[in-house]
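Here's the structure, in structure tokens; my notes come after.
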Amino acid sequence: MGEGETNAFPLIWTQQSPRRRGLDREKITAAAIGVADEAGLDGLTMKAVAARLGPYSPMALYRHVHSKEGLFDLMLDAATAEVPLPGEPGRDWRGDLRTLALETRRMTSRHPWFAVLVHARPPAGPHMMRRLEFMLAVLVRRGATVGEAMTYAALIDRHVLGSAQQESEEARQERRQGLDDDARLYAAIATLRELAAADGGLPHLTEWLTHPAGPTPEERFAIGLDFVLDGIAARLP
């Protein structure tokens, strides 16, 4: 890195936190997660986190987390810690990875902001690295090289986190447009059905809009996850 350049991703894990009574990184992180869970990322400000903690100023928080990006890193790692990890891989590699993916999905359901933030920060937190190490160990034991294992792990996480982000955004848009109400949702579908029928060249879409049916979001996620694992299985020795 040349003179005058700065690290684009300042890592909180390399920076010290002052030792002071009543306030520490764990408390700040827990408060920030609470704010983000309730108000979303738009409501996640240092002022809001400080207010949740008590008689502290935003500057008092900065002394511990150094920057908002540092707080993001702490939040991501703390949320990742909620995903249970076995002590070591078992004999069923698909079962190990499937369980990990499902547990991660449950975590992102509790923390919708996670899938948005995780793409913008390096996975350098201790719990994030341990989770990735477990995935790599599962795949390497099954015969993948480390490079192949990294690719396969990234594909699994892309499905998990991409699905979480899409579902979160869809839910937000449904609330904004009032489609979380059944009556308004059915009215919107009816309007689309009339448009499709009027086109005259969309028979299959018209049929589905007449009797819309399909798997739940959880079932769709499981189907996609099985597709990914089937693809990995075909490439493993």
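The values are calculated or read from the model by the stated rules, or taken from the named source; none is laboratory data. A quick note: this is a predicted structure, and the numbers were derived from the prediction, not measured. All Cβ positions, glycine included, derive from the backbone under ideal geometry; neighbour counts span all protein chains shown. In case anyone asks, the SASA skips ligands and DNA or RNA and just uses the protein heavy atoms, side chains included. Shrake-Rupley method; radii C 1.70, N 1.55, O 1.52, S 1.80 Å.
Out of everything in the stretch 42-70 that is touching a residue at least 40 places away in the same chain (Cβ under 8 Å) and over 21 Å from residue 81 (Cα atoms), what residue ends up being most open to solvent (accessible area, probe 1.4 Å)?
Taking the stretch 42-70 as the starting set, the residues that turn out to be touching a residue at least 40 places away in the same chain (Cβ under 8 Å) are 44, 63-67, 69-70.
Applying the additional criterion that residues be over 21 Å from residue 81 (Cα atoms) yields 63, 66-67.
On the way: 63: 106, 66: 76, 67: 27 Å².
It comes out as 63.
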query: Taking the stretch 182-202 as the region of interest, how many residues are open to solvent by 100 Å² or more (accessible area, probe 1.4 Å) and at pLDDT below 85?
result: 2
message: Quick check on the stretch 203-237: of everything there that is in contact (Cβ under 8 Å) with a residue 24 or more places away in the chain and not in a helix (DSSP H, G or I), which residue is surrounded by the fewest Cβ atoms within 10 Å (Cβ to Cβ)?
response: 237
message: Just to verify a result, which residue in the stretch 14-52, among those that are closer than 15 Å to residue 79 by Cβ and in a loop (DSSP other than H, G, I, E, B), is farthest from the chain's Cα centre (by Cα)?
response: 44
message: Tell me yes or no: at least one residue of the stretch 103-112 is without any contact (Cβ under 8 Å) to a residue 60 or more places away in the chain and over 27 Å from residue 67 (Cα atoms).
response: yes
task: Among what's in the stretch 5-41 and is open to solvent by less than 60 Å² (accessible area, probe 1.4 Å) and among the charged types (D, E, K, R), pick the residue that is modelled with the highest pLDDT.
output: 25
- line: From the option list 151, 99, single residue qualifying as over 15 Å from the mean Cα position of the chain (by Cα), β-branched (Val, Ile, Thr) and farther than 23 Å from residue 218 by Cβ is 151
query: When the stretch 79-118 is examined, which residues are found to be in contact with a Leu (Cβ under 8 Å, 6 or more places away or on another chain), farther than 16 Å from residue 158 by Cβ and not aromatic (Phe, Trp, Tyr)?
result: 83, 85, 94
